[in-house]
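I have placed the structure first, in the form of structure tokens, so that the comments after it can refer back to it.
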Amino acid sequence: MARLMNDEAQWIVLMGFIVSFSLFFLAVLINQSTIVGQTTAEAVSEFPKNDIRGVRGVLTESTFLDDESTYRNKTTVQNEIVILALSRQNAIITISSTTIGEYTYTEIHYNNGVIGYNEITTFP
Amino acid sequence: MTEENGVMSIDFLAGFTIFMLSFIWIATMVPGLFIGLNAHGIDYDAVAYRTGVILVEDPGAAGSLGVLRPRGIFSWEFQPDTRDVARFGLAISKDTPNILNDYKTDRFFCATAFAYPEDYRNRAFFTDHPYLFNISLKETDTNMVRSVGDLPPDNYGYIRRDVKLRQPSNATIDHLKIKAFGYTTTENVTFHRFSIVMNTTELLNDKLRNPAYQINPFTDRIIINITGLEQIRDPAFSASPYPNISAVDFYQHPHGQPSLTIPWYPSEDFLYEDGNTTPVRPPVDVHDGVSLIFGPGFFSTVLPNSDIYINLTFGMNGQEQPYLNNTQTLPFAYNYDPVNVTQPQLKDAVLEVAVW
Amino acid sequence: MVNEGGQLYTIEGVAAALLLLITAYFIVNSTSVYTPGDTHISDMQLEVLGADALAVMDTAPDSTVKKSPLRQIVEQEDSVLFNSIFLQTINARAGQRQDDIQYMANVTYVDPVDNTATSMHLANSSRPFTGTEHAVRVSRWVLVEKTFPGCAYTSCSGMHAALVEVLLWRD
């Protein structure tokens, strides 16, 4: 019995273990590196840069429209922007406007679930 | 009797052989795991995209050494020392992405100003690894291509951006316009003066505020062509020698202050006669037309909110005769009126960045 | 002569070999094969290009033109003009050869009856969209003065916000 429990050959298994662990480590490294390109491209596509620029542009333009009784351009356009942004770009937009003295402050809040954008524009 | 010392048992040999064989087989499989792994090749596209954004959507930056230079303009394209350029950017301003400034584009592609590849790597790429690249700009109308860099190999990262390239404004005063504005005089004098005015307050701080369409006299190229002078000469004096431009004077008039003179750098030539490509200095004979081409930054030392006057003095060689003269009417205004000035045009162009 | 004293070496050797083999099998089996399409880099490039093309079309050529070409096209529903300008812009390359990108464009507006977003077809390239292409969508906000089809209210005329949406793909 004592003869069977011999430590002298355990270095073979030890070498086997060392090689396996190093292989696992390399596999983890390779796994991480192949998705570098993917996450870069996905990060660029995920960020709604052009959406935010576009929404901000049309909202700023709409603040200069008038609100005549016939068409109520400003209110109509801003409501349409909110509806379209929610249904086509999955973004919630709120607009509010306050006038203090000669300055008009327009607040824009944009949130598409991942990115939020808030801005206050002052006119003039 | 068999001794155990120094004798390898058969079983040990068998076990060790199995181990070595399988280890060798595993070791030969390891290179297969590294196929397609190329540390720098994996982000060629990402570097190309980032460079494309820097060039097309960013106006660039002058370095911290860009203190007040003789021009007084802080934008990177006016820095005479290339070490004062911190970052390239071709956009007119950060509010006008995808619209490129013509002078910035000229400076960017100028082979004598910046050397490929080091100057571009430090100012557009910002990476540790020395990538090679090719940046090309093609104007869709004229099919003119400007590029910097080598020809790309088979495998490269790529991005393509559609942009608008801004052309400078220009004014052409031909004989029809001279008649319409009433710029010929019936007086017979030996010296005639023709004035052009640029009201910088009206150009920069009035109704038109979009930098893509603004005419900025401090930084833009200003081109004024006067043609048809042969036709406005009085036929009675057609045998006499040609008139000449005896002087070109510049005045700046800040609002509410008396006129000052703008210092005129003698090294900056701007007068071109009759379509010749070499500039001349007054006095020079005038046949059919003259062109005044002021390079970008020519008026950069003018005080803000001033009117800039350009006075051309025509000498009649001592003979009293009528000629181009607007001292009795108003100076020709270089402004946003499309009748006076061809406004800055935005032309389609394509910018491609290849990185490898 | 044959002694069982070295049996442990054999057993250990076999065990180590088995360990290595099983490890290698797991690792090689788990390495994913990434095709270039999985990285979405080509999708990103196409999106950037489409957004640029719409931005260029929405820029007036100089300050005397009050409406950009894109807004005029949407107001007049001019699909021929949209087709020619968009294809030329998106397929232009710095070299000699042109690119070959196909598209399908819609205009999405708000139907005032029930305040929902409705789409109207604007233009498409010569190869139609069958639904099996791997396409990316780019969009551009415009403010246009237009009465959208099927609208009968008084609020139908006047200024409206619309979204020009274009699906782009390479064949």
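Quick check on region C:30-41. Is at least one of its residues more than 26 Å from residue B:158 (Cβ to Cβ) and surrounded by fewer than 17 Cβ atoms within 10 Å (Cβ to Cβ)?
For region C:30-41, residues more than 26 Å from residue B:158 (Cβ to Cβ) and surrounded by fewer than 17 Cβ atoms within 10 Å (Cβ to Cβ): present.
If you go through region A:43-88 one residue at a time, how many are within 15 Å of residue C:138 (Cα to Cα), out of contact with any strand residue (DSSP E or B) (no Cβ under 7 Å at 6 or more places or on another chain) and part of a helix (DSSP H, G or I)?
Residues meeting the conditions: 7.
Return yes or no: is residue C:9 of a type in the set (Phe, Trp, Tyr) and more than 8 Å from every other protein chain (Cβ to nearest Cβ)?
No.
Looking for something assigned to a loop (DSSP other than H, G, I, E, B), within 14 Å of chain C (Cβ to nearest Cβ) and of a type in the set (Ser, Thr, Tyr) - is there at least one such residue anywhere in region B:336-356?
The answer is yes; a qualifying residue exists.
For region A:62-72, name all the residues that are surrounded by fewer than 20 Cβ atoms within 10 Å (Cβ to Cβ) and either more than 10 Å from chain C (Cβ to nearest Cβ) or of a type outside the set (D, E, K, R) (or both).
From region A:62-72, those surrounded by fewer than 20 Cβ atoms within 10 Å (Cβ to Cβ) are A:63-70, A:72; that's our starting set.
A:63, A:64, A:65, A:67, A:69, A:70 - these are the residues of region A:62-72 that are surrounded by fewer than 20 Cβ atoms within 10 Å (Cβ to Cβ) and either more than 10 Å from chain C (Cβ to nearest Cβ) or of a type outside the set (D, E, K, R) (or both).
Of all the residues that make up region C:72-90, how many are more than 10 Å from every other protein chain (Cβ to nearest Cβ) and not in a loop (DSSP other than H, G, I, E, B)?
Number of matching residues: 13.
Working only within region C:125-135, note down all residues that are in contact (Cβ under 8 Å) with a residue 24 or more places away in the chain and either more than 14 Å from every other protein chain (Cβ to nearest Cβ) or exposed (fewer than 13 other Cβ atoms within 10 Å of the Cβ) (or both). Don't jump to the end; show me each part of the working.
Let us first name the residues in region C:125-135 that are in contact (Cβ under 8 Å) with a residue 24 or more places away in the chain, namely C:125-129, C:133-135.
Within region C:125-135, C:125, C:126, C:127, C:128, C:129, C:133, C:134 meet the criteria.
What number of residues in region B:79-95 are in contact with a Gly (Cβ under 8 Å, 6 or more places away or on another chain) and part of a helix (DSSP H, G or I)?
Residues meeting the conditions: 2.
Which of the residues spanning region A:39-76 are among the aliphatic types (A, V, I, L, M) and touching a Ser or Thr at 6+ places or on another chain (Cβ under 8 Å)?
Within region A:39-76, A:41, A:59 qualify.
Would you mind telling me which numbered condition in (1) at pLDDT below 90; (2) surrounded by fewer than 21 Cβ atoms within 10 Å (Cβ to Cβ); (3) not basic (Lys, Arg) residue C:77 fails?
(1)
Does at least one position in region C:86-95 carry a residue that is in the same structural domain as residue C:41 (by TED's automatic domain parsing), within 18 Å of the chain's Cα centre (by Cα), over 18 Å from residue B:161 (Cα atoms) and among the aromatic types (Phe, Trp, Tyr)?
Looking for residues that are in the same structural domain as residue C:41 (by TED's automatic domain parsing), within 18 Å of the chain's Cα centre (by Cα), over 18 Å from residue B:161 (Cα atoms) and among the aromatic types (Phe, Trp, Tyr), one finds none in region C:86-95, hence no.
The values are calculated or read from the model by the stated rules, or taken from the named source; none is laboratory data. Everything numeric here is computed off the predicted structure, so don't read it as measured data. Note: ideal-geometry Cβ built from the backbone for every residue, glycine included; neighbour counts use all protein chains shown.
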